1. Tally time: how many residues in the range 34-53 are of a type outside the set (A, V, I, L, M), under 14 Å from ALA88 (Cα atoms) and part of a loop (DSSP other than H, G, I, E, B)?
2. Applying the selection to the range 121-151, what residues are in a loop (DSSP other than H, G, I, E, B) and within 14 Å of the chain's Cα centre (by Cα)?
3. I'd like the residue in the range 95-120 that is small (Gly, Ala, Ser) and over 16 Å from the mean Cα position of the chain (by Cα) and, out of all such residues, is least open to solvent (accessible area, probe 1.4 Å).
4. State yes or no: is LEU154 at pLDDT 95 or above and part of a loop (DSSP other than H, G, I, E, B)?
5. If the Cβ limit is 7 Å and pairs must be 6+ apart or interchain, which residue in the range 40-65 that is closer than 17 Å to TYR158 by Cβ pairs with which residue that is of a type in the set (D, E, K, R) and part of a loop (DSSP other than H, G, I, E, B)?
6. Can you tell me which residue is farthest from ALA81 (Cα to Cα) among those in the range 21-49 that are touching a Phe, Trp or Tyr at 6+ places or on another chain (Cβ under 7 Å) and β-branched (Val, Ile, Thr)?
7. Looking for something open to solvent by less than 60 Å² (accessible area, probe 1.4 Å), under 15 Å from PRO28 (Cβ atoms) and touching a Leu at 6+ places or on another chain (Cβ under 7 Å) - is there at least one such residue anywhere in the range 49-67?
8. Take ILE161 and tell me if it is farther than 22 Å from ARG45 by Cα, among the β-branched types (Val, Ile, Thr) and open to solvent by less than 40 Å² (accessible area, probe 1.4 Å).
Amino acid sequence: MAQAEQVAHPLAPVYDKNSKVLILGTMPSPASRKAGFYYMHPQNRFWKVICTILNEPLPDTIEEKRDLLLRRGIALWDTLASCEIEGAADAAIKFPVPNDFGPILETASLRAVFTTGKKAYQLYTKHCAETCGIPALLLPSSSPANCAVKFDALCDAYGAILPYLDAPKEREE
């Protein structure tokens with residue numbers, strides 16, 4: 001069993017002035033912290049789901065992942081700035097400290113906030129929603145621990161972000 005440790009969020013948020021949707025997790029997993037980017041556990045289905053619903057090729061590098069998000073109007077971050085946690089177990093989170101969403105809210109043109117999983121939703125609703133002024137919409141976790149939700153069901157659920165994004169531009173012939 002993993003030992004509880006105090007973790008400070010090490011990753012910068014991904015966003016720009018064109019971001020329309022903010023997707024929030026709780027805290028980067030140990031694999032994501034080690035890799036230096038979001039949803040980097042090899043069995044996490046986040047990137048595969050996002051690429052499927054956006055009809056985009058799966059990016060290989062962190063730069064390609066960041067570019068995909070920004071090009072498609074998606075901001076990505078986490079609800080917490082720090083907490084005590086055992087491994088990647090959201091259920092074990094103690095002493096949560098929320099992130100400051102001010103810079104994102106001042107820069108981006110957010111239309112919606114989504115959370116990946118119940119714990120992120122609970123933490124955002126309790127600590128952030130009032131300050132941010134945007135209620136969160138709950139998405140299922142893409143974590144390998146949430147294997148009860150099949151891939152097609154994840155894609156259906158994550159499709160809820162699409163109406164908030166700008167339609168992709170048609171290619172000029």
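1. Of the residues in the range 34-53, 6 are of a type outside the set (A, V, I, L, M), under 14 Å from ALA88 (Cα atoms) and part of a loop (DSSP other than H, G, I, E, B).
2. Those that are in a loop (DSSP other than H, G, I, E, B) and within 14 Å of the chain's Cα centre (by Cα): PRO140, SER141, SER142, SER143.
3. Of everything passing the filter in the range 95-120, GLY102 is least open to solvent (accessible area, probe 1.4 Å).
4. no
5. LEU54/ARG72
6. VAL49
7. No: zero hits.
8. So ILE161 fails the test.
The values are calculated or read from the model by the stated rules, or taken from the named source; none is laboratory data. Values in this document were obtained by computation on a predicted structure and should not be read as measured data. Here Cβ is always computed from backbone atoms with ideal geometry, including for glycine, and neighbour counts include all displayed protein chains. Just so you know, the surface numbers come from the protein's heavy atoms only, side chains and all, with ligands and any DNA or RNA stripped out. Shrake-Rupley method; radii C 1.70, N 1.55, O 1.52, S 1.80 Å.
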